[in-house]
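The values are calculated or read from the model by the stated rules, or taken from the named source; none is laboratory data. The structure presented is a predicted model; accordingly, all values stated were derived computationally and were not measured. With ideal geometry, Cβ positions are generated from the backbone for all residues, glycine too; neighbour counts draw on all protein chains shown. Heavy atoms of the whole protein, side chains included, go into the accessibility calculation; ligands, DNA and RNA do not. Shrake-Rupley method; radii C 1.70, N 1.55, O 1.52, S 1.80 Å.
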Amino acid sequence: MFRSNNLVARLFERQTHRSTPGTNIHRARQFYENLVPSYTIYDVECPDHSFRKFTEDGQYLISFSRNYQELIVYRPSWLSFSCCGEECDVHDLPPRANKFSSFFTQLYCVSLASSNELICKDFFLYMESNRFGLFATSTAQVHDAPATGGAVQGVPSIEKITFHLLRLEDGIILDKKVFHNDFINLAHNMGVYLYEDLVAVVSLRYQTIHIIQVRESGNLVDVHAIGEFCRDDDELFLHSSAQCGTINENSRQKQALLNSNEGVPNSGHSTTPNVFLSGIKQRLLSFIFQGIWNEEADETNRVQRLKKKFYFHFQDYVDLIIWKVQFLDRHHLLIKFGSVDGGVSRNADHHPAFFAIYNMEAAEFVAFYQNSADELYFLLEKFADHFYTPPNNSLHTNFISSHSNNLNACEQLTCLKNKSVSFSQFVKKTLVSLPFTCQSQSPSPYFDQSLFRFDEKLISATDRHRQSTDHPIKFISRRQPKIPKFKIKPGPEAGNTDARAKKVSSFLFHPILPLVISIQQTMFLQFSVVNIHFRK
């Protein structure tokens with residue numbers, strides 16, 4: 001820990017004192033207490049784009065055109081200018097400082113969407129190892145689409161969803177993956193999860209988890225599809241069994257024709273094909289049954305327990321659909337199940353849900369929890385970093401604050417737990433965030449809760465729009481609780497003239513530099529106010 005708050009003294013102390021082994025990066029991040037975005041340029045002259053986010057390594061700024069047809073990628077630079085005299089800090093910035101191009105250089109503009117498609121503005125995944133970007137385009141939703149071909153009733157349909165793999169260095173489209181007449185929740189990366197070179201795509205409409213590998217050559221390769229079938233040879237086995245059943249059925253019908261005087265086949269055998277549950281649903285039901293079976297050793301009690309806990313809720317288990325998925329490692333998936341209504345609604349917090357851990361290699365479930373399970377909560381409380389699986393083991397995402405690696409975040413969680421009326425309701429509220437959304441948190445050191453304190457109702461590391469306020473958002477030092485280190489004020493410098501208009505703000509923090517973009521926009525209007533906060 002540094003003894004002084006002076007930047008020069010800290011640099012000298014770093015040269016003369018060795019840090020504790022394993023704490024070099026933590027000690028380096030403490031310099032951000034002195035390197036803060038202390039200056040704001042209000043209402044920057046910038047192109048009318050929808051700005052998405054910085055990549056995790058800070059090399060690119062992703063944005064889309066307002067018609068959501070084109071991708072525009074920028075390289076963060078820095079404002080540079082010269083002044084005459086010794087006291088440069090007292091000089092005003094040059095007029096060109098108010099331009100977006102003074103801070104960012106446009107690399108290229110690529111057309112992604114066709115005439116009837118739009119870019120999904122909330123979807124973007126970044127592979128830092130090879131600097132690939134995964135984008136998505138789609139056509140409009142059809143809410144009352146008929147459930148055909150094994151689709152789930154009540155889930156909307158999208159005629160075409162296209163995933164585009166781009167090399168961000170030059171904007172070359174390397175490969176595409178298209179889904180037809182399907183529904184994938186692309187808002188804030190909800191329906192897609194990236195782990196190293198594997199991508200899990202959840203088809204809500206057909207209840208299938210598509211595992212896709214991103215090759216170094218830039219190809220999207222289908223690896224596995226988990227849903228109707230769980231193993232690669234399941235479909236072959238069922239088709240072989242169906243052919244044998246068809247042959248036996250035809251033999252019986254021929255025999256019935258020979259034995260009948262009128263030549264009418266015997267109607268005692270139904271010609272309607274059997275309807276099976278999907279492979280993953282059968283494995284889930286089997287795991288639930290086996291778990292309840294093993295709870296009791298006595299045969300009589302076992303039967304009663306099965307009636308109460310399994311057969312009574314059997315139809316509820318059958319009606320469960322997959323909501324969301326995340327990788328725990330290369331072989332295990334954390335899957336969230338719930339009702340159809342919860343799967344397609346924007347707010348599924350009040351819908352009942354279940355969590356299951358699925359082993360893809362063994363094609364079996366290894367755990368099943370309700371959304372009020374104490375066991376799962378205690379695992380999340382103690383090992384939250386294991387749920388925040390960083391893509392490609394990115395160095396920048398390894399230091400995102402959580403209650404398992406940060407004392408201040410842990411104390412905050414304990415305070416919320418003590419204030420809650422019911423522990424069961426607190427557990428449900430905490431587990432709502434599972435499975436975690438991929439790349440949804442900013443790795444900026446200014447969100448490090450061991451360095452700064454801020455109002456999480458107004459701003460946080462999570463990638464979401466926030467209700468805008470006319471008051472500046474303060475970032476206060478943890479070491480000196482009474483000293484605000486810097487402030488961020490979205491919107492015009494003089495404040496908003498129309499207090500009745502509902503406004504929302506979003507904040508794009510650079511993962512390394514003291515650079516922040518704040519964007520304030522009025523609901524249902526395209527006009528937005530862009531401010532740039534940086535260290536002068």
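In summary, the helical segments of the chain meeting the span-like criteria, namely a full DSSP H run, a Cα extent along the axis of 20 angstrom or more and a mean Kyte-Doolittle hydropathy of at least 0.0, are 279-293.
Across the chain, Cα-Cα pairs more than 32 Å apart make up 54 percent of the total. A dipole drawn for region 400-468 from +1 and -1 charges on Cβ atoms has a positive end, and of GLN439, ASN408, GLN425 the residue lying farthest that way is GLN425.
In plain terms, the chain from ASP385 to VAL303 could stretch by 25.5 nm, reckoned as 0.36 nm per residue minus the Cα-Cα distance.
Normalised Debye scattering of region 100-207 at q = 0.14, 0.20, 0.23 Å⁻¹ gives log10 I(q)/I(0) of -0.61, -1.08, -1.31, counting only Cα atoms as equal scatterers and leaving out solvent.
About its Cα centre, the chain has a charge dipole of approximately 1720 debye under the convention of +1 per Lys or Arg Cβ and -1 per Asp or Glu Cβ, with nothing else charged.
Within the straight-line cut-off of under 14 Å between alpha carbons, the aspartates and glutamates reachable from LYS308 are GLU295, GLU296, ASP316, sequence neighbours fewer than 8 places apart in one chain being disregarded.
Kirkwood hydrodynamic radius, region 292-447, all distinct C-alpha pairs: what's the number in Å?
Its Kirkwood hydrodynamic radius stands at 17.6 Å.
Take the Cα of SER38, step 7 Å toward its Cβ, do the same at VAL366, and the gap between the two points is 5.1 nm. Rounded to the nearest 20, the size of the Cβ-charge dipole of region 392-506 about its Cα centre is 320 debye, with Lys and Arg at +1 and Asp and Glu at -1. Relative contact order for the chain: 13 percent, from Cα pairs under 8 Å spaced at least 6 residues apart, divided by residue count.
Think of a 1.4 Å ball rolled over the protein heavy atoms: the chain then has 53 Å² of accessible area per residue. Within region 128-182, all pairs of alpha-carbon atoms sorted by distance into 10 Å bins from zero give the percentages 23, 37, 23, 16, 2.
For region 400-469, with all protein chains present and a 1.4 Å probe, just round the carbon and sulfur fraction of the accessible area to a whole percent. Whole-percent figure for carbon plus sulfur exposure: 51. Carbon and sulfur atoms: what percent of the 1.4 Å accessible area of region 140-213 do they account for? Here it works out to 49 percent. Reported value for region 1-159: 231 Å³ per residue, from the convex hull of its C-alpha atoms.
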